[in-house]
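Remarks on the structure that follows.
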Amino acid sequence: MKQLPISLEFFPPKTPEGAEKLAAARQTLYALKPEFCSVTYGAGGSTQQGTFDTVKAIHAEGMTAAASHFSCIGATHSKVLEQLQALKQAGIQRLVALRGDLPSGHGMGGEFTYASDLVRFIRDETGDAFHIEVAGYTDMHPQAKSMQADIRALKAKVDAGANGVITQYFFNADGYFRYVEDARKLGVQVPIVPGIMPITNSSQLIRFSDSCGAEIPTWLRLRLQEFGDDVASIQAFGMDVVTRMCQRLLESGAPSLHFYTMNQSAATRELCRQLGLEK
C-alpha cells in the first residue's frame, strides 16, 4: 500500500480524567507521524477556549502542525480577529474553518452567515498566515437544500481561500467518489480528504450519526444491531468494514485519510497497521 499522509482529530476533554486519557492517546498516536492534528469543539459545540487550550497543548508537545477548529456562528468580526491573533501568537498556523452549530433556541446572530464568510475574513485580515481546511459532506449537510447546493457552498469556501477539504465521516466509498467528481466539475481543485470514523461502539455511532447527518447504510446499521452488546464482535466487524473501505479509497486516489479518533488510540492505530500506514 502506498504511503500517504494521515491526520488525526481530537475533541477537548471536559474532566481532568478525560484530559489524562487524551494526553496518553495523543502520545501513542504521534507514532503514526500525522501530517497534522486538529481539535474540534466537542459535542454540542462546547466552548472555544477548551479547543484553543488543547491545540496549544498539542503544539507544545512538538506537533507544530496543530489545527484549531474555528467556528463563526454568532461571532463578531472584532472577536474573531482577536482570537485569530491569539492563535497566531501561540504559533498555530492551521485552522479548520466552520460555520458551526446553532445553539438550541438561538437565532443566527453575529456578523458571519456562512463558513465562506469566515474563510474570506481570515484571508483578508491575516493573508496566508493560516493553512485553512473546510468541511465537506458526502452525505449532504443536514441543512442544505440539495446536493448541488451543498457542493456550490463548498466551492464558495474554496473560492474564498480554503486550501483543502475534510469530509464528514461516511461508510459509502461510492458516495465519496461521486462527491469528488461533482466538486471537480464545479472547479474545486483542492484536496478533498475523506474523514474516517473507526467503529468501536454501535449505539454511540448510531446516536452520533443521527445527530450530525452522517449516513449509516441500512445493511451496516442492521448488522451492528444484530451484535447487540457483543463489543468484541462489533469491533472486529467494524474494523473489517472500515479497513476495506479505506483500501478502496486509497487505491482510487484519496489524497490522505483524516481519522476521527474519539480521543482513543487503539482503533486508529490498528486501522493504520492493517492499511500499511504505520511509519
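The values are calculated or read from the model by the stated rules, or taken from the named source; none is laboratory data. Quick caveat: nothing in here was measured; it's all calculated off a predicted structure. Every residue, glycine as well, gets a Cβ built from its backbone with ideal geometry; the counts of neighbours run over all protein chains shown.
Can you find, within segment 225-276, the residue that is surrounded by the most Cβ atoms within 10 Å (Cβ to Cβ) among those that are hydroxyl-bearing (Ser, Thr, Tyr) and under 19 Å from the mean Cα position of the chain (by Cα)? Steps first, please.
Filtering segment 225-276 down to residues hydroxyl-bearing (Ser, Thr, Tyr) leaves 233, 243, 252, 256, 260-261, 265, 268.
Applying the additional criterion that residues be under 19 Å from the mean Cα position of the chain (by Cα) yields 243, 256, 260-261, 265, 268.
On the way: THR243: 18, SER256: 19, TYR260: 21, THR261: 23, SER265: 21, THR268: 26.
Top of the filtered list is THR268.
I'm checking my understanding of the structure. Among residues of segment 210-224 that are out of contact with any helix residue (DSSP H, G or I) (no Cβ under 9 Å at 6 or more places or on another chain) and assigned to a helix (DSSP H, G or I), which one is surrounded by the fewest Cβ atoms within 10 Å (Cβ to Cβ)? Of everything passing the filter in segment 210-224, THR218 is surrounded by the fewest Cβ atoms within 10 Å (Cβ to Cβ).
Among what's in segment 121-136 and is touching a helix residue (DSSP H, G or I) at 6+ places or on another chain (Cβ under 9 Å) and more than 14 Å from PRO191 (Cα to Cα), pick the residue that is surrounded by the fewest Cβ atoms within 10 Å (Cβ to Cβ). Write out each step before concluding.
Residues of segment 121-136 that are touching a helix residue (DSSP H, G or I) at 6+ places or on another chain (Cβ under 9 Å), as a first pass: 121-122, 125-126, 129-130, 132, 134-136.
The next check asks that each one be more than 14 Å from PRO191 (Cα to Cα); those that pass are 121-122, 125-126, 129-130.
Working: PHE121: 21, ILE122: 23, GLU125: 13, THR126: 16, ALA129: 16, PHE130: 23.
It comes out as GLU125.
Cβ-Cβ distances below 8 Å connect the following pairs, each with a first residue in segment 237-259 that is over 15 Å from TYR176 (Cα atoms), a second residue that is surrounded by fewer than 22 Cβ atoms within 10 Å (Cβ to Cβ) and among the acidic types (Asp, Glu), and a separation of six or more residues or different chains: MET239/GLU270. Do the conditions hold for ALA183, that is, is it part of a helix (DSSP H, G or I), surrounded by 19 or more Cβ atoms within 10 Å (Cβ to Cβ), on the phi < 0 side of the Ramachandran plot and modelled with pLDDT of 95 or more? Answer is yes for this residue.
For segment 242-267, the set of residues classified as part of a strand (DSSP E or B) and in contact with an Asp or Glu (Cβ under 9 Å, 6 or more places away or on another chain) consists of HIS258, PHE259, TYR260, listed by residue number. Within segment 191-209, the set of residues being in contact with a strand residue (DSSP E or B) (Cβ under 6 Å, 6 or more places away or on another chain) and surrounded by fewer than 18 Cβ atoms within 10 Å (Cβ to Cβ) comprises just one member, PRO191. Of everything in segment 186-209 that is assigned to a helix (DSSP H, G or I) and among the hydrophobic types (A, V, I, L, M, F, W, C), the residue that is nearest to GLU270 (Cα to Cα) is LEU205. Filtering segment 134-179 to residues that are polar (S, T, N, Q) and outside any loop (DSSP other than H, G, I, E, B) leaves GLN148, THR167, GLN168.
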